[in-house]
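The values are calculated or read from the model by the stated rules, or taken from the named source; none is laboratory data. It should be emphasised that the depicted structure is a prediction, and the values quoted were computed from it without experimental measurement. Positions of Cβ are backbone-derived with ideal geometry, glycine not excepted, and every protein chain shown enters the neighbour counts.
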Amino acid sequence: MPERIASAAAAGPDPAVILRADNVRRRFGGFTAVDVDRLAVRRGEITALIGPNGAGKSTLFNLLTGFDRPDAGQWMFDGHSLAGVPPHKVARLGMVRTFQLTRVLARLTVLENMRIAAPGQLGERLWAAPFSLAWRRREKENTARARALLARFLLDGKRDEPAGALSGGQRKLLEMARALMVEPRMVMLDEPMAGVNPALKQSLLGHIVSLRDDGVSVLFVEHDMDMVHEISDHVVVMAQGRVIAQGTAREVTQDERVVSAYLGERFGGDLEESATTSSGGRDGR
Amino acid sequence: MDILTSALRAGFSVDAAYFCLAAIGLNVQFGYAGLINFGQAGFLAVGAYGFAVGSVSLGLPFSAAIGLGLLCSVALGLVLGLPTLRLRADYLAIATIAAAEVLRLFFGAAFQDVFHGRDGISGFSAAFQAANPFDHPFLGYRPSDLWVMTVGWGLVVIVSVFVWSIMRGPWGRVLKAIREDEEAVRSLGKNVYAFKMQALAIGGLIGALGGFVVALGQNSVQPDNFSFDLTFIVCTMLVLGGAARIMGPVIGAVVFWAFLSLVGGVLDALTAGQDPTIPAWLMTGDQIGTIRFVLVGVALVLLMIYRPQGIFGNRKEMALHA
Amino acid sequence: MRLRPALSLALLVAVLVGAAPTAVATASIAGRTTLATRGDDPETVKVTGKLVNRDDTGSTPVGGGRVTVTDASGAEHVATSRPDGGFSVEVPFEAGPISIKLDEGSLPRGVTLREGSRNPITRTISGTLPLTVTFVLGKGDRRTMSWADQVPQSLFNGLYFGLIISLGALGLSLIFGTTRLTNFAHGEMVTFGALVTYGLNVAGIDIWPAGLLAALLAAVFGFAQDRFFWRPIRRRGTGVLAMMIISIGVQFILRNVYQFFTGGRTETYRQYTTPEGHQLGPITYSVRDVVCVAIALVLVLGVTIALKRTRLGRATRAVADNAALAATTGIDVNRVITTVWAVGALLAATCGMLLGFSQAVKFDLGALQLLVMFAAITVGGLGSVWGAVLGSLLVGTLIEMSTLVIPSELKMAAALFLLVGVLLFRPQGLLGRAQRIG
Ligand SMILES: Nc1ncnc2c1ncn2[C@@H]1O[C@H](COP(=O)(O)OP(=O)(O)OP(=O)(O)O)[C@@H](O)[C@H]1O
Ligand SMILES: [Mg+2]
């Protein structure tokens, strides 16, 4: 498998890779927050992105989805180059993200939060908006789909409450459900399980797995290694803005560079060097 | 009693009607989409001037002149929106307040042979008044005013229904969502910039309708009709009646004008006569106008601090926002 | 506790109204009623106006001038101007155009209608609003110099104006930097400086101590405004957009309170109104100009150096950078902000005091400069201190230079064009940091 990817990468776009980033760099003042030489997310797989706090994971999400502009770099999603593409077009292409700090639409109801996410609504065109005949049927279908999703995320009972009245964990759930409402081909979830109670976490994991079974590719950030072990097909480890290791969950947890990155500052100095050699070595393989 | 009836009459006057249209426009922009437009007077001005120049200088028929006025207001929306709607909300506020002021100066000083300076353009409502079905004063309103009031309030009804019809569906939902959190809406694949642009333009169009009502009501347009005071009053009316509600601007306009007239009447009575209740060294009848404006300002500030949802609004709904 | 902002607002209005009879209200001419409701059915409409003679020595009212108003039905009504130049005549209410004609023969010897001004003036009666007209008399200040000769003088005027405006812009920028509030009431601080200086000057105090006193009073006003009004509002968790609307309300209140006292009159200081001009190559300047420039320079440099060197200055920059972070390092954020308000008000009032020499001292003096100040800080970069200064100089120069090609009434348009242009091509401004939006 790894050989096939490497050779295909040299030849051109690989159909097995849905998202691929090369040399994406972002500096804040003099501080380099993200400096990723290469990152590939495989189609139909669950990829976990892990790394200590401040590693640059959320910043990378922002860059890849157009919410922030990198200083340099190229990335392709499903055959489209995304550099310079604004966020709403990224989402329309099928790559939808959630936010680490949830962004629910507080004064809209939970159901409206869901319905707004449905793609290609005729009723969002100004000329069609006054004529409910033009969009009423579609609205019914969207409502049915929204309620099915809400039921899966145990939020159906809250559907008429304003989203601002939800608890922190419920907001996480709503945001994930809402992202799915866009009918994405790939979802990028920034710590979807943070603040969700353990029982629900288990069922969330089930959802993520079922997403994969539906053919959706998943990239998610998570700090809890047990979760990562349980569901991820592939794990990418970031530290200090760089990708320092990739592989299966088992492989990366045994990687000493990863261990030292998590242990923190003390090993920070030589981490940079080893990270460079690591990614170089991997590419050559 | 006299004060009360004249307050009631002021609440439904021509002025109340055109201010109400301006407020409905602002409601689309600020109430629903969260865009801060401090230059609604500018939208009324370009509408009214477009219409007046079209009728008088270009000799266009009535409907074509109206069309020209509407076109001008959309153009103003584009010019102000294009550079600012991608940026922080402050920039739209700054650009609109500046543009409205510059427009007023422009109409007052440039192309004097077209705009006639501060005297303004007049003499274009003969055709409109010719269609006036009223020939007797009624409730103390003059026939010409009755006709303008009918058209003005008729427009208020039509526009309110239109705004209701676009706000209840998916388009209005995106607008309200933008007011809540732009980034979230972007992440769901909506072109926020385009929606804001549409909201700004629609609000401006409705403002231009207000401009037509002023123009027809006075049979003239003058730059000083469109000073910052207008924008400010519209803003206060909207907050008073409740932003992001269909009836908000209507209630706001009626209550505001009735209240303003009431205060004016009371102050008038207190400062009138040989030995007025309020001594002349403190305040004379000529200062009523400014005192009323001070009160309007105080009302807006207090509303924004304590009841941003308006006098009849639902407190809980606003609290969620904070 | 919750009523704090309301109380302080009431107090503010009360204090300002209470101060009425003393300083400013020297001669209370009727302020025109700017708003009349249409409900009261009118019999007559008042046409009022003023005859003023503007020449090198300033403006003097002209009495005894005869004005004829011809109403829509053709009837004539005659009025004669009072010694204060004002005239007033009532005409029957009848919608339609009326014409107001000044009888030039009735004017005192040597006084003529200014070249190019309109006579008769036509207006349209449309409501109960009193109609106000102005006949401008005196020699026009027509330029005889060639276009190229005026460039150096315009450049000088522009830099001079820009430097003075930078005092106002600096305060606006500092307040924005520390609180993220775009303060639409900042122009009223500028007016405050000019009006208080004028009031003290009229009461017999020499102009420079009067200006100093006005600036200090403004600092107290700025301090109080933040301490007792804005700080409680911030504590309530009111959003930035709501605060912006509140600030526009404050602007409206203050502007009308000023108008209440001054009645919309245009005034000039009692001293240095027409200083002796000196020639320096193609540029005419006066000693007064030099003193004004010196005051402005000292303040601008003083503030920028204080921001770099003093503890409070560094704390201010820390708050501007990240208020939450600054608070965790033990900086008293609220104290810093209140100080910034006081300093901002002091600077703005000085700006107004200096502007009062060259512009009409009037209730809307500062409001008219708000656009210029906004353009300045946007061009320079919101929140950047040197940006505010650089932006002011640029905008000031552009405005004055624009009068070479467009009528001077439209010079503000130049500021707007610069503003929109910068937003289109470099939204962060010239010296602003490119910031991620959102
Ligand atoms: N707008 C910004 N300006 C300056 N620095 C920033 C900005 N955004 C992020 N950073 C810095 O970039 C680094 C990476 O931040 P990021 O949020 O991407 O980390 P993360 O990996 O998501 O961490 P966590 O696991 O805690 O969420 C941090 O050191 C942060 O301080
Ligand atoms: Mg993160």
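Computed quantities for the displayed model
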| quantity | calculated |
| --- | --- |
| Some residue of region A:93-102 being away from ligand 1 (no atom under 16 Å from the Cβ), of a type in the set (Lys, Arg) and modelled with pLDDT of 90 or more | no |
| Test: residue in region B:279-299 that is away from every other protein chain (no Cβ under 11 Å), at pLDDT below 85 and more than 21 Å from the chain's Cα centre (by Cα) | no |
| Boolean, A:MET76 is surrounded by 20 or more Cβ atoms within 10 Å (Cβ to Cβ), more than 8 Å from chain B (Cβ to nearest Cβ) and of a type outside the set (D, E, K, R) | no |
| Cβ pairs under 7 Å, 6+ apart, first in region A:83-105 and within 19 Å of A:GLN121 (Cβ to Cβ), second of a type outside the set (Gly, Ala, Ser) and within 15 Å of ligand 1 (Cβ to nearest atom) | A:PRO87/A:THR65; A:PRO87/A:PHE67; A:VAL90/A:THR65 |
| Test: residue in region C:212-232 that is under 15 Å from the mean Cα position of the chain (by Cα), within 14 Å of another protein chain (Cβ to nearest Cβ) and farther than 27 Å from C:ARG288 by Cα | no |
| Failed criterion for A:LYS201 (all others in (1) away from ligand 2 (no atom under 16 Å from the Cβ); (2) of a type outside the set (Phe, Trp, Tyr); (3) within 14 Å of chain B (Cβ to nearest Cβ) hold) | (3) |
| Inter-residue pairs, beta-carbon under 9 Å, first exposed (fewer than 10 other Cβ atoms within 10 Å of the Cβ) and modelled with pLDDT under 80 and in region C:271-283, second β-branched (Val, Ile, Thr) and not in a loop (DSSP other than H, G, I, E, B), 6+ apart | C:GLU276/C:VAL287 |
| Residue list for region A:48-79, restricted to those being more than 16 Å from ligand 2 (Cβ to nearest atom) and outside any loop (DSSP other than H, G, I, E, B) | A:ALA72, A:GLY73, A:GLN74, A:TRP75, A:MET76, A:PHE77 |
| Helices (runs of 4 or more DSSP H) within region B:29-146 that include 1 or more residues crowded, with 22+ Cβ neighbours inside 10 Å | B:40-56, B:62-84, B:89-109, B:112-115 |
| Condition met for B:LEU82 (more than 10 Å from chain C (Cβ to nearest Cβ) and of a type in the set (A, V, I, L, M)) | no |
| Selection count where residues are in a helix (DSSP H, G or I), hydrophobic (A, V, I, L, M, F, W, C), free of Cβ contacts under 8 Å to residues at least 24 places away in the same chain and surrounded by 14 or more Cβ atoms within 10 Å (Cβ to Cβ), scope region A:121-164 | 3 |
| Some residue of region C:261-269 being closer than 25 Å to C:LEU299 by Cβ, without any contact (Cβ under 8 Å) to a residue 12 or more places away in the chain and either over 22 Å from the mean Cα position of the chain (by Cα) or not assigned by TED's automatic domain parsing to the domain that holds C:GLY86 (or both) | no |
| Residues that are touching a Ser or Thr at 6+ places or on another chain (Cβ under 8 Å) and of a type in the set (Val, Ile, Thr), drawn from region C:172-209 | C:THR178, C:THR182, C:VAL202, C:ILE207 |
| Tally of residues being in contact with a Gly (Cβ under 8 Å, 6 or more places away or on another chain) and more than 7 Å from chain C (Cβ to nearest Cβ) across region B:109-138 | 3 |
| Hits in region C:245-276 (condition: in contact with a helix residue (DSSP H, G or I) (Cβ under 6 Å, 6 or more places away or on another chain) and within 7 Å of chain B (Cβ to nearest Cβ)) | C:ILE245, C:ILE246, C:GLY249, C:PHE252, C:ILE253, C:ASN256, C:VAL257, C:GLN259, C:PHE260 |
| Filter result for C:THR191 (in the same structural domain as C:ALA376 (by TED's automatic domain parsing), at pLDDT 95 or above and buried (at least 23 other Cβ atoms within 10 Å of the Cβ)) | yes |
| Search result, residues across region A:58-68 that are near ligand 1 (Cβ under 9 Å from one of its atoms) and over 15 Å from A:ASN23 (Cα atoms) | A:SER58, A:ASN62, A:ASP68 |
| Which listed residue is surrounded by 15 or more Cβ atoms within 10 Å (Cβ to Cβ), at pLDDT below 90 and within 16 Å of ligand 1 (Cβ to nearest atom), from A:MET193, A:MET188 | A:MET193 |
| Any chance A:ALA91 is closer than 24 Å to A:GLU161 by Cβ, of a type outside the set (Val, Ile, Thr), in contact with a strand residue (DSSP E or B) (Cβ under 9 Å, 6 or more places away or on another chain) and facing chain B (nearest Cβ under 7 Å) | no |
| Qualifying residue in region B:209-228 (condition: part of a helix (DSSP H, G or I), in contact with a strand residue (DSSP E or B) (Cβ under 6 Å, 6 or more places away or on another chain), touching a residue at least 12 places away in the same chain (Cβ under 8 Å) and buried (at least 20 other Cβ atoms within 10 Å of the Cβ)) | yes |
| Residue match in region C:408-421 (condition: touching a Lys or Arg at 6+ places or on another chain (Cβ under 9 Å), within 14 Å of another protein chain (Cβ to nearest Cβ), part of a helix (DSSP H, G or I) and touching a residue at least 12 places away in the same chain (Cβ under 8 Å)) | no |
| Conditions (1) part of a helix (DSSP H, G or I); (2) within 16 Å of ligand 2 (Cβ to nearest atom): number failed by A:GLY195 | (1) |
| Long-range neighbours under 6 Å by Cβ, at least six apart or interchain, first residue assigned to a helix (DSSP H, G or I) within region C:244-257, second among the hydroxyl-bearing types (Ser, Thr, Tyr) | C:MET244/C:THR182; C:ASN256/B:THR290 |
| Meets criteria (closer than 25 Å to A:HIS207 by Cα, touching a residue at least 60 places away in the same chain (Cβ under 8 Å) and either within 16 Å of ligand 1 (Cβ to nearest atom) or away from chain C (no Cβ under 13 Å) (or both)) for A:ARG38 | no |
| Among (1) more than 16 Å from the chain's Cα centre (by Cα); (2) more than 12 Å from chain C (Cβ to nearest Cβ); (3) within 30 Å of B:LEU105 (Cα to Cα) - the single one B:LEU175 does not satisfy | (3) |
| Any hit, region A:234-249, residues being away from ligand 2 (no atom under 16 Å from the Cβ) and among the charged types (D, E, K, R) | no |
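Rundown of residues vs (1) touching a Ser or Thr at 6+ places or on another chain (Cβ under 9 Å); (2) assigned to a loop (DSSP other than H, G, I, E, B); (3) at pLDDT 70 or above, yes/no style:
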position	(1), (2), (3)
C:VAL91	yes, no, yes
C:GLU115	no, yes, no
C:ASN119	no, yes, yes
C:THR124	yes, no, yes
C:VAL133	yes, no, yes
